[in-house]
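K.L.:
Mind having a look at this structure? Questions to follow.
The values are calculated or read from the model by the stated rules, or taken from the named source; none is laboratory data. All values reported here derive from a predicted model rather than from experimental measurement. Glycine also receives a Cβ, built like all others from the backbone with ideal geometry; neighbour counts cover every protein chain displayed. Just so you know, the surface numbers come from the protein's heavy atoms only, side chains and all, with ligands and any DNA or RNA stripped out. Shrake-Rupley method; radii C 1.70, N 1.55, O 1.52, S 1.80 Å.
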Amino acid sequence: ISKYKANVVTGWESDDACVAECYKQNDHVLIGAEKDFYGCPVRYFNASKPDEGVLDCDTFGRLYLNSKGQVKGYGRLFFYWQVGSGDSVDNYHANCFSNIKWADKSAYNALHNTRNDKQAFQALKEIYQQK
């Protein structure tokens, strides 16, 4: 803190504070190595993947499968996918009210053909209402 004059944040995660600060400055680019940033309303440069360049994640975005069959993407659609696939670190799961097995590709299949926020939100609603 004293060496780098870091801002101390309490009550929220440090990566969320970085997003909030970057969002306030519409000409800034968030540089990091955090997959959650792909779903935040900022321009993002992943320092671990410089070949991606600067991505405008403040869009509806897109989802796709990489060559290994892993779900990748950016924008709000990527955020919706994260909410739909669940997150064991943040302790929420899309299948918490059912016995249906659910994971990354299940959420991808439910969301990748949506074309706008209304369709994506409807798909998320249906994901969570499965019994």
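K.L.:
Take the range 102-118 and flag every residue that is at pLDDT 85 or above, of a type outside the set (Lys, Arg) and surrounded by 14 or more Cβ atoms within 10 Å (Cβ to Cβ). Spell out how you get there, then give the answer.
P.N.:
Of the range 102-118, the ones at pLDDT 85 or above are 104-118.
Now restrict to residues that are of a type outside the set (Lys, Arg): 104, 106-114, 116-117.
Of everything in the range 102-118, those that are at pLDDT 85 or above, of a type outside the set (Lys, Arg) and surrounded by 14 or more Cβ atoms within 10 Å (Cβ to Cβ) turn out to be 104, 106, 107, 108, 110, 111, 112, 114.
So that you can scan it fast, the table gives a plain yes or no per residue for (1) over 23 Å from residue 25 (Cα atoms); (2) assigned to a helix (DSSP H, G or I); (3) touching a residue at least 60 places away in the same chain (Cβ under 8 Å); (4) out of contact with any helix residue (DSSP H, G or I) (no Cβ under 6 Å at 6 or more places or on another chain):
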position	(1), (2), (3), (4)
45	no, no, no, yes
63	yes, no, no, no
84	yes, yes, no, no
96	yes, no, no, yes
99	yes, no, no, yes
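K.L.:
Still on this structure, please answer the following. In this structure, does residue 130 turn out to be open to solvent by 70 Å² or more (accessible area, probe 1.4 Å) and either at negative phi or modelled with pLDDT of 90 or more (or both)?
P.N.:
Against the criterion (open to solvent by 70 Å² or more (accessible area, probe 1.4 Å) and either at negative phi or modelled with pLDDT of 90 or more (or both)), residue 130 does not qualify.
K.L.:
Any residue at all in the range 34-53 that is at positive phi and touching a Phe, Trp or Tyr at 6+ places or on another chain (Cβ under 6 Å)?
P.N.:
Restricting attention to the range 34-53, the residues satisfying the condition of being at positive phi are 53.
With touching a Phe, Trp or Tyr at 6+ places or on another chain (Cβ under 6 Å) added as a condition, the list becomes none.
Among the residues of the range 34-53, not one is at positive phi and touching a Phe, Trp or Tyr at 6+ places or on another chain (Cβ under 6 Å), which makes the answer no.
K.L.:
Right, another one. When you go through (1) open to solvent by 40 Å² or more (accessible area, probe 1.4 Å); (2) part of a strand (DSSP E or B); (3) in contact (Cβ under 8 Å) with a residue 40 or more places away in the chain one by one for residue 31, which number turns out not to apply?
P.N.:
(3)
The rows are residues; the columns are (1) buried (at least 19 other Cβ atoms within 10 Å of the Cβ); (2) more than 14 Å from the chain's Cα centre (by Cα).
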{"site": "3", "(1), (2)": "no, yes"}
{"site": "13", "(1), (2)": "no, yes"}
{"site": "36", "(1), (2)": "no, no"}
{"site": "42", "(1), (2)": "yes, no"}
{"site": "51", "(1), (2)": "no, yes"}
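K.L.:
Let me ask another. Spot the failing condition for residue 9; the list is (1) in a loop (DSSP other than H, G, I, E, B); (2) out of contact with any helix residue (DSSP H, G or I) (no Cβ under 6 Å at 6 or more places or on another chain), and only one is missed.
P.N.:
(2)
K.L.:
Would you point out the residue of the range 67-101, among those that are open to solvent by less than 80 Å² (accessible area, probe 1.4 Å) and in contact with an Asp or Glu (Cβ under 7 Å, 6 or more places away or on another chain), that is farthest from residue 117 (Cα to Cα)?
P.N.:
Looking at the filtered set, the residue picked out is 71.
K.L.:
Check whether at least one residue in the range 20-28 is of a type in the set (Phe, Trp, Tyr), over 27 Å from residue 130 (Cα atoms) and either open to solvent by 70 Å² or more (accessible area, probe 1.4 Å) or part of a loop (DSSP other than H, G, I, E, B) (or both), and report yes or no.
P.N.:
For the range 20-28, residues of a type in the set (Phe, Trp, Tyr), over 27 Å from residue 130 (Cα atoms) and either open to solvent by 70 Å² or more (accessible area, probe 1.4 Å) or part of a loop (DSSP other than H, G, I, E, B) (or both): present.
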